[in-house]
There are 2 protein chains.
Amino acid sequence: MTATIKDVALRAGVSPSTVSRVISNHPRISEKTKREVRQAMEELGYHPNMLARSLAKKSAEAIGILIPSTTEEFFMNPFFPELLRGISEVAKREGYDLLLSTSDTGKEDVRTLTRMIHGKRVDGVLLLSSRMQDPLMQVLKENPFPATLVGRPQDDTPICWVNNDNVAAAYQATRHLIDLGHQRIGYLGADESLLVTRDRLQGYHQALDEAGIPADRRLMFASTFMEQGGFMGMMRLLALPDRPTAVVASDDLLAFGAMRAAGELGYRIPEDVAVVGFNNVRLTEMSNPSLTSVDVRIFELGTAAAQLLIEQVRDPEVTGKSVTVPTELVVRHSCGGNNRQGGYGL
Amino acid sequence: MTATIKDVALRAGVSPSTVSRVISNHPRISEKTKREVRQAMEELGYHPNMLARSLAKKSAEAIGILIPSTTEEFFMNPFFPELLRGISEVAKREGYDLLLSTSDTGKEDVRTLTRMIHGKRVDGVLLLSSRMQDPLMQVLKENPFPATLVGRPQDDTPICWVNNDNVAAAYQATRHLIDLGHQRIGYLGADESLLVTRDRLQGYHQALDEAGIPADRRLMFASTFMEQGGFMGMMRLLALPDRPTAVVASDDLLAFGAMRAAGELGYRIPEDVAVVGFNNVRLTEMSNPSLTSVDVRIFELGTAAAQLLIEQVRDPEVTGKSVTVPTELVVRHSCGGNNRQGGYGL
DNA sequence: TTGTACGCGTTATCAG
DNA sequence: CTGATAACGCGTACAA
């Protein structure tokens, strides 16, 4: 079978502990034996058994990623790969592997998390979404374990988190529409139990209030983070007798769906309906018209989350820290107020 | 600290091995002690240490995923999450966790793979792309280890793989354009060192040959699997004195980029230029015009790959098996020959 | 049906 | 600077 540390020791004529020291670059070890051991390792094609190492060191050098129970939906959204890219970037840099765990039901979610916590296969966990009354928070409260949330905790759970100021961001997006003269503005949200959906809705309300525009329940829909959800929502909005002239979509995919719906009904964008999205995924530049969207810096959310988690892993004192990643409204052509480009493509 | 198997044994008044047997559902064990042990586990909040278990069982119950060295590019493409979704689906069903490993340089690629192979943290590896002269194949040849390739091996490496018949698929796509009356047809490929790029190019050539259309080197470009690559390629194609009237893009993203380029130059699609893509990602339905594309069943590629890998893990006899996932040309509006829809959105 | 003893491959502690 | 020895937590022959 594969060579173990003992085989190397035997061949190099030293003890296993010495080999171990060479591996971990122990300072007090002679250059000579270091060379000899290294050569023995080379000759035997030795590679350390990470399992045994982790068991002994009580550290797995890996972090777990808990994909929300709405797996399919989550995978579909361009948000996910970009976030993962950010996470992966710093994980690799810091020498951690990534353990992915999906789970389709909410119940299973909890079991997956507890397994991660007690299974000792990961040193910390990244939670990729936060919802109302999230049972996962409860689990974390009962079992102290390095964890970072992408989003924000609903209550005072002493967890680390990385988030945008979604209220302010939605305020700004809505305000943009108001400044362009819109008075009837719709809101297309995703899953209502998600905190982002609520936060962005709140920002939307704030902007309306400030402008003295009465809120209208009929102008707000919550569906899913997918194109289809935006499509359906927009269909219903445009069917209203006093239809909105602008729409804030809490996700770019929703916005794309909304634009498609408007197009199919014969409305022009932005002349008849203005649309603003969230996330600023790559596609926003390529859609027709290009989509005005709030850049939430997904990649940075990912790097920050991983960074924060690893901090906790290395120093148990760290807890309850949070990072707020700034947002920025990127104005393109879906809201008017500037030149409109036509064209083919996405 | 966390409870171990010994603590449970002590509490239940049995030996550790008995507890171990209860955990693994050993047949010959009395219902009574089974209950008692289970209760003790419950009371102590016991969860098995996966590291220790794996070390003892010599099986990690996890499979590794090796993301190609062009990490960024790979994450950007909708192909990836969909593939991952397929993999994740069966991995979860079969009780395997997923270990993700990225690496940016080719050199590092090899080290990542060898680490996976010898680190004992995974029972098998999924390779997500195959290129010419791939050094990873060499590594696999020298170190027998369960592995499955999404794509095909270039030579006779006895590895399992899951692929489409890319030659036939590209033939069909090109043939579709020829049947519509096109004679000057361009080809936009991705990274030339990737086998898919080559296979699809070959299918393109086959169709041309069969139709007696001479191949023209100036009509073929290779870039990256990204929108920008398609954009640039199309720009150059349309700048030719005898520009093509149709284009086969080896990836939907390339096709979208190509459409955008055509649009910006004032060409109409499909009237002036027809475009066919590959992969049939979700966006194809939503683009304007909707994109005719070869459905390669990404999700199925993922499930098949994971399935095949797990088969190998469980039965070392399995080797050199391969699965070819069927493809299907999905005709939409980017090639003409049917009614054209307009509209907004993606 | 259950317990004992040992091994899985490494690291850490303590001598020397 | 190096070598025994004891964990790390669990599975499994072998014995009872």
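The values are calculated or read from the model by the stated rules, or taken from the named source; none is laboratory data. From a predicted model like this one, the values you see are computed outputs, not experimental measurements. Using ideal geometry, Cβ is built from the backbone for each residue, glycine included, and neighbour counts are taken over all protein chains shown. These area figures cover heavy atoms from the full protein model, side chains too; ligands, DNA and RNA do not enter into them. Shrake-Rupley method; radii C 1.70, N 1.55, O 1.52, S 1.80 Å.
In order along the stretch A:160-168, the Karplus-derived 3J(HN,Hα) couplings, from 6.51 cos²θ - 1.76 cosθ + 1.60 at θ = phi - 60°, round to 7, 8, 10, 8, 9, 8, 5, 5, 4 Hz, and Gly and Pro are given as x. Take the Cα of residue A:138, step 7 Å toward its Cβ, do the same at residue B:213, and the gap between the two points is 6.3 nm.
For residue B:220, the residues 5 or more places off, or on other chains, whose built amide H falls under 5 Å of its own are B:187. Database remark: amide H of residue A:294 closer than 5 angstrom to the amide H of A:277, A:278, A:279, A:280, A:330 (H placed geometrically; neighbours at sequence offset of 5 or more, or on other chains; Pro and chain starts carry no H). With n ≥ 4 as the cut-off for DSSP H runs, can you work out [θ] at 222 nm for the protein assembly as shown, using -39500 (n - 2.57) per run divided by the number of residues, rounded to the nearest 500? The per-residue figure over the protein assembly as shown is -14000 deg cm²/dmol. Distances between equivalent label points of residue A:71 across the copies, with each point positioned 7 Å along Cα→Cβ, amount to 2.5 nm, shortest listed first.
Applied to the stretch B:126-132, the Karplus parametrisation 6.51 cos²θ - 1.76 cosθ + 1.60 on θ = phi - 60° returns per-residue 3J(HN,Hα) values of 10, 9, 8, 6, 10, 10, 4 Hz, with x for Gly and Pro.
Working from the Cα coordinates of the protein assembly as shown, the gyration tensor eigenvalues give, after taking √(5λ), semi-axes of 46, 35, 21 Å in decreasing order.
The H on the amide N of residue A:65, modeled in the peptide plane, is under 5 Å from the matching H of A:99, A:100, A:101, A:126, each at least 5 residues off or on a different chain.
Taking the Cβ of residue B:87 as the center, what net charge do the other residues with Cβ under 13 Å away carry, scoring Lys and Arg +1 and Asp and Glu -1? Mind dumping the intermediate values first?
Values: positive: B:85, B:92, B:93; negative: B:82, B:89, B:94, B:97, B:300.
That sum, taken over residues with Cβ under 13 Å, equals -2.
Residues in the stretch B:79-122 near a label at residue A:108, defined as backbone nitrogen under 20 Å from the 7 Å Cα→Cβ point? Zone members listed by number: B:81-100. The angle between the Cα long axis of helix B:79-93 and the main principal axis of chain B comes to about 30°, on a 0 to 90 degree scale.
For the stretch A:239-346, relative contact order (Cα pairs under 8 Å, six or more residues apart, normalised by length) works out to 29 percent. Counted residue by residue at 0.36 nm each, then reduced by the alpha carbon distance between them, the extension gain from residue B:72 to residue B:32 reaches 8.8 nm. Charges only on Cβ, +1 for Lys and Arg, -1 for Asp and Glu: so what's the dipole of the stretch A:233-297 about the Cα centre, in debye to the nearest 20? It works out to roughly 80 debye.
Ignoring any ligand, DNA or RNA, what whole percent of the accessible area of chain B comes from carbon and sulfur when the probe is 1.4 angstrom? Write down the numbers at each step before the final one.
On the way: 7180 of 14500 Å².
That share works out to 50 percent.
In the stretch B:161-303, taking the dipole from charged Cβ atoms about the Cα centre, the farthest positive-side position among B:183, B:253, B:280 is held by B:183. Legend: residues B:224, B:157, sorted from most to least accessible area (1.4 Å probe; ligands, DNA and RNA excluded), read B:224, B:157. Cα centroid separation, the stretch B:128-183 to the stretch A:53-85: 28 Å.
Computed with a 1.4 Å probe on the full set of protein chains, the accessible area for residue A:161 sits at about 60 Å². Taking a sphere under 15 Å around the Cβ of residue A:235 and counting the other residues whose Cβ falls inside, with K and R at +1 and D and E at -1, yields a net charge of +1. Rounded to the nearest 5, what is the percent of antiparallel bridges among the DSSP beta bridges in the stretch A:227-346? DSSP beta bridges in the stretch A:227-346 are roughly 30 percent antiparallel. Per residue of A:49-58, count partner chain C-beta atoms within 10 Å of its C-beta, then hand back the mean as an integer. Per residue, the average neighbour count from other chains is 6. Applying the Karplus relation 6.51 cos²θ - 1.76 cosθ + 1.60 with θ = phi - 60° to the stretch B:188-197 yields 3J(HN,Hα) values of 10, x, 9, 2, 5, 7, 7, 5, 4, 4 Hz, where x marks Gly and Pro. Report the local net charge at residue B:12: Lys and Arg +1, Asp and Glu -1, summed over other residues whose C-beta lies under 13 Å from its C-beta. Neighbour charge sum, excluding residue B:12 itself: +3.
Distance from the Cα centroid of the stretch A:241-282 to that of the stretch B:237-279 is 27 Å (rounded to whole angstrom).
With a 10 Å cut-off around each Cβ of B:120-127, the average count of Cβ atoms from other chains is 3. Per residue, the stretch B:217-346 exposes 38 Å² of accessible surface when a 1.4 Å probe is rolled over the protein heavy atoms with every protein chain present.
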